[in-house]
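Working notes, beginning with the structure itself.
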Amino acid sequence: MICNTRDSWGGPAKFLHWSVALLVLAQLGLGWAAVSWRLSPLKLDLFVWHKSTGLLIFGLMVVRAAWRLANPPPALPDAMPAWEKRAAHVGHLLLYAILIAMPLSGWIANSAANIPFRIFWRIPLPPIAAPDKAVADLAARVHLILFLGLSALLSLHIAAALRHHLVRRNGILTRMLPFGRRG
Ligand code: HEM
Ligand code: HEM
């Protein structure tokens, strides 16, 4: 099934959800490793991996946002209280916003710090901000604050998915699984 239906996610939405989820989890580890590693060639490599993976996530999120706008999501169960439905919508919207804003803030930090960079050592990344130390510092700070927000949101998101599955026993989790049955 390509498109989302009233009660299940289509293949492209599932693929984008799980590929971005895996990349984001790896990306959080790469970000911390790159920042904390002692100055060495490996540290520079970790940054290339981090920035390249971040830009890959950015590309996937742009495609995902377009796909999401073109494809209405499956409806949430009628039994779900209105405040929970609203919380789910706001949470998902914030996840989209942060996963687009994080790569952009990283890109701005990299541009303003005037660091030449090639995606996966190959494709040169054009700067999107003029060299300016104050801008680079601010963008790095925004990047860190967004990371804290993302960590909190993801914890809630995963807890909510598990609660739907284990406590409520509805089909919310299974309808997002790659070969899951419909909810
Ligand atoms: C880095 C990790 C993750 C990110 C960034 C993420 C992000 C998102 C977003 C943005 C949506 C909304 C989909 C849309 O409206 O297009 C969503 C839906 C969903 N996510 Fe995640 N997710 C992650 C990990 C997980 C994990 C680990 C689970 C399971 C334990 C999970 C379970 C779900 C489920 C079940 C839905 C569908 C909710 C529904 O049918 O209304 N997610 N996720
Ligand atoms: C969804 C995408 C991304 C996530 C989740 C992410 C996450 C992180 C994390 C957890 C850190 C370590 C904590 C911190 O100092 O902020 C970090 C640092 C950093 N990231 Fe990212 N990042 C993403 C995309 C990018 C991109 C696309 C770039 C550049 C093109 C980038 C450049 C940087 C830089 C330069 C730092 C070090 C900041 C500093 O000096 O404090 N990031 N990132």
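Of note:
- Straight-line cross-link reach from LYS14 at under 30 Å between alpha-carbon atoms covers these lysines, not counting any fewer than eight positions away in the same chain: LYS51, LYS85.
- Full extension of the chain between LEU166 and PHE120 gives 12.5 nm of extra length, using 0.36 nm per residue less the Cα-Cα distance.
- The modelled label-to-label distance between LEU138 and ALA33, using points 7 Å beyond Cα along the C-beta direction, is 3.3 nm.
- Rolling a 1.4 Å probe across the protein heavy atoms gives segment 11-176 an accessible surface of 60 Å² per residue.
- Rounded percent of accessible protein surface that carbon and sulfur make up, the chain, 1.4 Å probe: 74
- Per residue, the average separation of C-alpha pairs within less than 8 Å and at least 6 apart gives segment 11-176 a relative contact order of 19 percent.
- Per-residue Karplus couplings for segment 133-140, computed as 6.51 cos²θ - 1.76 cosθ + 1.60 with θ equal to phi - 60°, are listed in order as 5, 4, 5, 4, 5, 5, 5, 5 Hz, Gly and Pro entered as x.
- Unit charges on C-beta of K, R, D, E only; dipole of the chain, Debye: 420
- THR5 long-range amide H proximity, modeled H, under 5 Å: GLY10
- Around the amide H of ILE119, modelled in the peptide plane, lie the amide H atoms of LEU125, all under 5 Å away and 5 or more residues distant in sequence or on another chain.
- Rounded FRET efficiency, nearest 0.05, which uses the C-beta distance separating VAL63 from SER155 and R0 of 25 Å: 0.45
- Helix axis angle, 11-36 relative to the chain longest principal axis, alpha carbon, degrees: 40
- Virtual spin-label span in nm between LEU42 and ALA87, 7 Å along Cα→Cβ: 4.2
- Judged by the mean number of other Cβ atoms found within 10 Å, the most tightly packed of the peptides 138-146, 161-169 leads the ranking 138-146, 161-169.
- Sum of -39500 (n - 2.57) over DSSP H runs of 4+, divided by residues of the chain (222 nm, nearest 500): -23500 deg cm²/dmol
- Ranked by the mean number of other Cβ atoms within 10 Å of their residues, highest first, the peptides 45-57, 125-137 come out as 45-57, 125-137.
- Helix 41-70 and the longest principal axis of the Cα set of the chain meet at an angle near 40°.
The values are calculated or read from the model by the stated rules, or taken from the named source; none is laboratory data. Predicted, not measured: the structure shown is a model, and the values here were computed from it. Quick reminder, even Gly has a Cβ in these numbers, built from the backbone with ideal geometry, and neighbours come from all protein chains shown. Ligands, DNA and RNA are excluded from the accessible area calculation, which covers all protein heavy atoms including side chains. Shrake-Rupley method; radii C 1.70, N 1.55, O 1.52, S 1.80 Å.
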